[in-house]
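These notes are about the structure you will find just below.
The values are calculated or read from the model by the stated rules, or taken from the named source; none is laboratory data. This structure is a prediction, so every number in the text was calculated from the model and none was measured. Virtual Cβ from ideal backbone geometry, glycine too; neighbours counted across all protein chains shown. For accessibility, only protein heavy atoms count, side chains too; no ligands or nucleic acids. Shrake-Rupley method; radii C 1.70, N 1.55, O 1.52, S 1.80 Å.
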Amino acid sequence: MTLFSMLSAQELLLACGVAFIAGWVKGMVGFAMPMVLISGLSMFLSPDLAIAGLILPTLVTNGVQALRGGVPAAVSSIRQFRVFLVVGLVFLLIGAQLVSAVPASTFLLMIGIPVTVFALIQVLGLRLKLASPSARIEGMIAAVAGFVGGMSGIWGPPTVAYLTALNTPKAVQMRVQGVIYGLGALALLFAHMGSGIFRAETAPFSAALVLPGLAGMWVGLQLQSRIDQALFRKITLFVLLIAGLNLLRRGLMG
């Protein structure tokens, strides 16, 4: 089966455009690539193909982000957030196996709800605050992030909320997000090789989105210090909010 037997040339071009925008957003704010990808791709592709498409570009871009500070810094982040990584991995593997058993409408709702809630929380300026790290809270948030991540490829919202609640320094948060999302993307790859979503027929589509994603990320990184990031982030969140609401509409109304 060839790539063009699964989607048209126009759909592939649109998908590359979505990947570029997703990479651009990630380069600017350090997260949201899976949310932009799944929200954008799900508008014209089936949910399972959208998930397959986001796997490789998410894996590669997060690897680049995680290693920007060097290998020792990345290893340090793994040790610091080992509870999150282990618990998240277990629940990601569980969630990934349930994808094929969930109706399309329910699946769209499971994607749309976390995107919408996260965007609303951020747009309204609400922030959770934790005085110090808590293994129990970290494990609970990791379980939610992992399960939703396995189902939809999106584990960013709970992760960002937790890191923000700890008032994690920007440079550290960027690196930690890269490490968590990168390892999560690697786990997602193996999980969906098992679920059948990522297979020989869908892998070329995912691979085709890597270069547009990297190109977008490069542009985002170049612009990061030149543009008012706070304003850009607000615009990004409003776009995500609209995309999330559209997913909810599709899940509720078909």
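Tell me the residue from 146, 153 that is open to solvent by less than 10 Å² (accessible area, probe 1.4 Å), modelled with pLDDT of 80 or more, under 14 Å from residue 95 (Cβ atoms) and in contact with a helix residue (DSSP H, G or I) (Cβ under 7 Å, 6 or more places away or on another chain), please. Give the derivation first.
Working: 153 fails: modelled with pLDDT of 80 or more.
Selected residue: 146, the only one of 146, 153 that is open to solvent by less than 10 Å² (accessible area, probe 1.4 Å), modelled with pLDDT of 80 or more, under 14 Å from residue 95 (Cβ atoms) and in contact with a helix residue (DSSP H, G or I) (Cβ under 7 Å, 6 or more places away or on another chain).
Test residue 68 against the criterion of being under 20 Å from residue 139 (Cβ atoms), basic (Lys, Arg) and out of contact with any strand residue (DSSP E or B) (no Cβ under 7 Å at 6 or more places or on another chain), and give yes or no.
No: the conditions fail for residue 68.
If you take the residues in segment 236-253 that are more than 18 Å from the chain's Cα centre (by Cα) and open to solvent by 80 Å² or more (accessible area, probe 1.4 Å), which one is nearest to residue 19 (Cα to Cα)?
Going through the qualifying residues, I end up with 249.
To keep it simple, each residue is scored yes or no on (1) part of a helix (DSSP H, G or I); (2) within 20 Å of residue 240 (Cα to Cα).
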site: 131; (1), (2): no, no
site: 138; (1), (2): yes, no
site: 141; (1), (2): yes, no
site: 145; (1), (2): yes, yes
site: 151; (1), (2): yes, yes
site: 154; (1), (2): no, yes
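Being touching a His at 6+ places or on another chain (Cβ under 8 Å) and either among the aliphatic types (A, V, I, L, M) or modelled with pLDDT of 90 or more (or both) is the requirement here; does residue 51 meet it?
Yes: the conditions hold for residue 51.
Please find, among 208, 230, 135, 203, the residue that is out of contact with any Ser or Thr (no Cβ under 6 Å at 6 or more places or on another chain), open to solvent by 10 Å² or more (accessible area, probe 1.4 Å) and within 22 Å of residue 100 (Cβ to Cβ).
On the way: 208 fails: within 22 Å of residue 100 (Cβ to Cβ); 230 fails: within 22 Å of residue 100 (Cβ to Cβ); 135 fails: within 22 Å of residue 100 (Cβ to Cβ).
It is 203.
Yes/no per residue for (1) in contact (Cβ under 8 Å) with a residue 40 or more places away in the chain; (2) within 19 Å of residue 118 (Cβ to Cβ):
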residue: 6; (1), (2): yes, no
residue: 10; (1), (2): no, no
residue: 22; (1), (2): yes, yes
residue: 28; (1), (2): yes, yes
residue: 33; (1), (2): yes, yes
residue: 46; (1), (2): yes, no
residue: 73; (1), (2): yes, no
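Within segment 25-46, count every residue that is surrounded by fewer than 24 Cβ atoms within 10 Å (Cβ to Cβ), out of contact with any Lys or Arg (no Cβ under 9 Å at 6 or more places or on another chain) and assigned to a helix (DSSP H, G or I).
Qualifying residue count for the region: 1.
Got at least one residue in segment 100-114 being assigned to a helix (DSSP H, G or I), modelled with pLDDT of 85 or more, closer than 18 Å to residue 34 by Cβ and of a type outside the set (A, V, I, L, M, F, W, C)?
No.
Being open to solvent by 50 Å² or more (accessible area, probe 1.4 Å) and closer than 30 Å to residue 12 by Cα is the filter here; which residues of segment 69-93 pass it?
Correct list: 93 only.
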